[in-house]
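The structure appears below as C-alpha cells.
The values are calculated or read from the model by the stated rules, or taken from the named source; none is laboratory data. Source: prediction; values computed, not measured. Cβ sites come from the backbone with ideal geometry, for glycine too, and all protein chains shown count toward neighbours. SASA here: full protein model, heavy atoms, side chains in, ligands and nucleic acids out. Shrake-Rupley method; radii C 1.70, N 1.55, O 1.52, S 1.80 Å.
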Amino acid sequence: MIEEFDALGGTSAPPSATARMRALLQGALRHGRDELGKPRSGYGAPVVVAFAAGAGTLLAATPVDAGLRADPDAAGERGWLLVAAAVGVLAELAAPGAPAGPADLHLRAGDLDGSLLLALPGDVSAADLQEYAPLLFDERAARLDRLRARAAAVPARLLEGPELREPIGEHHPLRIAEAVARLGGSPENPRSVDEHEDAVFALLQPDGAKAVRPHEDPDPGRRVARRILQRLDGMGKWGGYHTDFAHLARGFAGNDRKLAQAVGEALLEAGLLAEKPSVGQRHVFLNPRRAAEIRQLIDEGELPPGLRLPSA
C-alpha cells in the first residue's frame, strides 16, 4: 500500500491522482482501524499513518477514532501509542522548541471521515516531509509492541478541510504527548513519559492563585487520595497512558507512602481507578467514566459514594 502511494508521486502526486490516492488512504485507515482491534496488528499488511505538509501546518491522519479528541478512552492502548508516535513525529519535524506553559501547546485535532486527524504548526517542505516523516515514524513505531506500522507521505490536499480544534480537557493525553515530545521525550514510550512526568506536571499546572492545593487537606487519607488523583490527571493518565501501581506512592514520604498504597487500593475498589494487567506489574489509570467525580474530589475534597478511604 505504501508503495502505491509512492508510485503515484507521494507528496508531489499530480491532481489527476487525487481520487486514487484518496481511495487508497480511506482503505488504509479502515484497514488500520480493523487491525488495531486484533491481538496483533499489522502483521498481514502494516497499519498506515499518513503525513502531509500544508501551508504552515503539518498534518497526520491516524487509523484511530476521531472521538479521541474528546474521549481519551476512544482508543485502545496500541491505538493510543500509535497516535503518540505520530505526535512525536510532528513535533520533531516542526521543531517548535520546549513549551513555556499550557497556552504554548498548539496540537489540534479533527475528524477525517471518522479518523483522527492531527495538526501542529510548522514549516516543512513537501519534499523534506516525504524524505524524513517515514524514517522518523519507523523509528518510533518499531518500539510498539505487537504492532507493525508504516508512514505514507501524501499531498496536503488529501488531509486538509476538517475543522481543527483543541483536545478537550486541560490534561488530555494529546496535550501530554505534545509536551513530552517538545521536552525531548518519546510520547510513545511509557518509560520516557514517566521520566518527564515532573517537568510536564509543572508545565501544565495553573498559576499559583488558581491552583488546587490538595496537600493542605487536613484529613490524611483524603489528602493522599486527592494528591494521587491530581498527579494522574495532570499527566493525562485516563486510559491511553497508565502507571505502575507502585508509583502511586511516588512523592510521599514516611508513613504517607504506606498510606498511599492503601488509598490506591481503595480508589481501585471504588472504581475511580481502573486496572490494566501488565507483564509482572499492575498498571492503573483514571476511569474516564468517573471523570466528574474524580475532578470533584480533587478540587473540592468531596468523596463519591462507595469510596472508603483508610485513615493514617
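By the helix-only formula, in which each DSSP H run with n ≥ 4 contributes -39500 (n - 2.57) and the sum is divided by residues, the chain has a 222 nm mean residue ellipticity of -12500 deg cm²/dmol.
Within the set (1) 20.6, 85; (2) 20.5, 71; (3) 19.2, 59, the number that Rg and Dmax of the Cα atoms in Å takes when calculated for this structure is listed as (2). Using the average count of surrounding beta-carbon atoms within 10 Å as a protection proxy, the listed peptides 146-152, 194-200 rank, highest first, as 146-152, 194-200.
If only the Cβ of Lys and Arg carry +1 and only the Cβ of Asp and Glu carry -1, the dipole of the chain around its Cα centre is close to 640 debye. With the highest mean first, a sort of the peptides 236-243, 264-271 on other beta-carbon atoms found within 10 angstrom per residue produces 236-243, 264-271. Bridges between two residues of the chain, per DSSP, are antiparallel at a rate of about 80%. Once both labels are positioned 7 Å from their Cα atoms along Cα-to-Cβ, the gap between residue 23 and residue 299 label points is 5.1 nm. Membrane-span-like helices in the chain, defined purely by DSSP H runs whose alpha carbon atoms cover 24 Å or more axially and whose average Kyte-Doolittle hydropathy reaches 0.0, are 77-94.
Per-residue extension of 0.36 nm, minus the Cα-Cα distance of residue 103 and residue 244, leaves a gain of 47.8 nm for this segment. Local charge for residue 35 was computed over the other residues whose Cβ lies under 15 Å away, with Lys and Arg +1 and Asp and Glu -1, and equals +4.
Taking 15 Å as the cut-off, the amide N atoms of the range 60-103 that come nearer than this to a point 7 Å along the Cα-to-beta-carbon line of residue 168 belong to 65-75.
Here the spin labels are modelled as points 7 Å beyond Cα on the Cα-Cβ line, and at residue 199 and residue 12 they lie 3.7 nm apart.
Heavy atoms of the protein chains alone define the surface here; on that basis the range 1-136 has 39 Å² accessible area per residue at 1.4 Å probe size. Solvent-accessible area per residue in the range 156-260 equals 44 Å², computed with a 1.4 angstrom probe and all protein chains kept.
Surface composition of the range 20-164: carbon and sulfur atoms hold 48% of the protein heavy-atom accessible area at a 1.4 Å probe.
The equivalent ellipsoid of the range 3-51 has semi-axes of 24, 10, 7 Å, largest first, where each one is the square root of 5 times an eigenvalue of the Cα gyration tensor. For the pair residue 142 and residue 253, a Förster radius of 45 Å applied to the C-beta separation gives a FRET efficiency near 0.70, rounded to the nearest 0.05.
In this structure, the amide hydrogen of residue 239, modeled 1.01 Å from its nitrogen in the peptide plane, lies closer than 5 angstrom to those of 286, counting only residues at least 5 positions away or on a different chain.
For the range 136-167, the residues whose backbone nitrogen is under 13 Å from a point 7 Å from the Cα of residue 38, taken along Cα to Cβ, are 146-149.
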